[in-house]
Every structure is written in C-alpha cells, then in structure tokens.
C-alpha cells in the first residue's frame, strides 16, 4: 500500500471513530437512548466504515501494483525491441570494412578463389549476425512476460518480430552460397527470384534506406508490437 492510501485509511478511521464518540455522547440524550447502547451501535458502524475504507485502499494498492508491473514490463520489452531494430539494420549495413574480414582472408593474395571469397564473407556475416542474435534471444525471453502482464496479442507480436529478424541468418547463408558459386554460375541459375530476394535482403541499399521488401515487413511487425506495448507505458 502506498503512502497516500495508508494515510487516507488512517485519517478516515480516526474521523469515523471521533464522530462516533461525539454522537454517542450527544445524540442519545436527545432521544432518551441509553448511552451504552448508542456507543455500541456507533462502534459497530465505525468498524464497518473502517473495513470498507481498508478494502478500498487494498484494492487501490493492488490496482496500482498491477499498473506498475505492466508499465515496467512494457518499458523493458519496448527497449529490447528498439535495440534489436538497431542491431538488425547494423547487420545489414551495406558498408563493409576490411577489418570485418578475418586476418587470414586479408592476407590472401589476389585474385582469390570463389571458395576463399565465400569463407571471408561467411566470417563477416557470422560476426554481424552474432550481435543481432543475442538481442533477438533477449527479446524472445520476454515473450512470457508480455503474455502474462500485457496481453497474448503482445506476446504474439513479439514472436512475429523475432522470427522475422531471424530470417536474416538464412539470407546471409544464401549470399555466401552465391559467392561460392561465382557470378557466372549465379547468372545462369533458373531461379533468379531467389537471387534477387537474397541480394535485396542481406543488405540495404544504404544505411538509411529501408524501402526494400524485407525492411518493410520488419517495420510492419515492429510497429505492430510497439503500438501494443506503448499502451502500457
């Protein structure tokens, strides 16, 4: 029970008892009632009033605690989702620094084979995805809290967003496979839609360009979760 509810209950209890004493002393004399009987009735009334006040204060405290718990859970989920979004676009940043490749890859004499090229990119993609996966896992662990304290709809939206972000791992693997095959072979593949989807998904066109299909899907799921969570913040 917070301080305001406790003080309210104490104040009302004291007032009810004080009024009861006054009425027990004054009111019975005017109607010829025995003071002892009147005091008993007033004491009983004061007890009922006190119980009612205490019950209301308890309900108010419980309601406040539920609101506080929901607020804390919603804030935690929103922060985790926002951080995951940052990592999601960081992993898909189209600017690749030479320092992101392994030392063994950087020491190879050019030109190198498609297989060596693929291993170099696999190293880069795995390191980028590791940072994202850690945040995906953190967000996913909050699903039960979302379902318990917020709503099942919030829990479902959280799961959808996490699954969407995890698809990036598959796009990274597909891109490594394309590099291993070499551009000449890739250009001759019958399923060019797979090639186009991979190339438009494993990275964005620019750090601030989120207009590709994969980014749009991610943003829709992110917005859906945040709209549900922010109602409790």
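The values are calculated or read from the model by the stated rules, or taken from the named source; none is laboratory data. The shown structure was predicted, so the numbers you read here are calculated from the model rather than taken from an experiment. All Cβ positions, even for glycine, are placed from backbone atoms using ideal geometry, and neighbour counts span all protein chains on display.
Each row is one residue, and each column tells you yes or no for (1) part of a loop (DSSP other than H, G, I, E, B); (2) more than 19 Å from residue 96 (Cβ to Cβ); (3) touching a residue at least 40 places away in the same chain (Cβ under 8 Å); (4) touching a strand residue (DSSP E or B) at 6+ places or on another chain (Cβ under 7 Å).
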position: 131; (1), (2), (3), (4): no, no, yes, no
position: 154; (1), (2), (3), (4): no, yes, yes, no
position: 160; (1), (2), (3), (4): no, yes, yes, no
position: 171; (1), (2), (3), (4): no, no, yes, no
position: 190; (1), (2), (3), (4): yes, yes, no, no
position: 210; (1), (2), (3), (4): yes, no, yes, no
position: 220; (1), (2), (3), (4): no, yes, no, no
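Can you tell me which of 111, 94 is at pLDDT 95 or above and loosely packed, with under 12 Cβ neighbours inside 10 Å? Full working, then the answer.
Numbers: 111 fails: at pLDDT 95 or above.
Every option except 94 fails the conditions.
Each row is one residue, and each column tells you yes or no for (1) in contact (Cβ under 8 Å) with a residue 60 or more places away in the chain; (2) in the same structural domain as residue 191 (by TED's automatic domain parsing); (3) within 18 Å of residue 220 (Cα to Cα).
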{"residue": "73", "(1), (2), (3)": "yes, yes, no"}
{"residue": "91", "(1), (2), (3)": "yes, yes, no"}
{"residue": "108", "(1), (2), (3)": "no, yes, no"}
{"residue": "136", "(1), (2), (3)": "no, yes, yes"}
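Spot the failing condition for residue 121; the list is (1) buried (at least 17 other Cβ atoms within 10 Å of the Cβ); (2) farther than 26 Å from residue 211 by Cα, and only one is missed.
The single condition residue 121 does not satisfy is (2).
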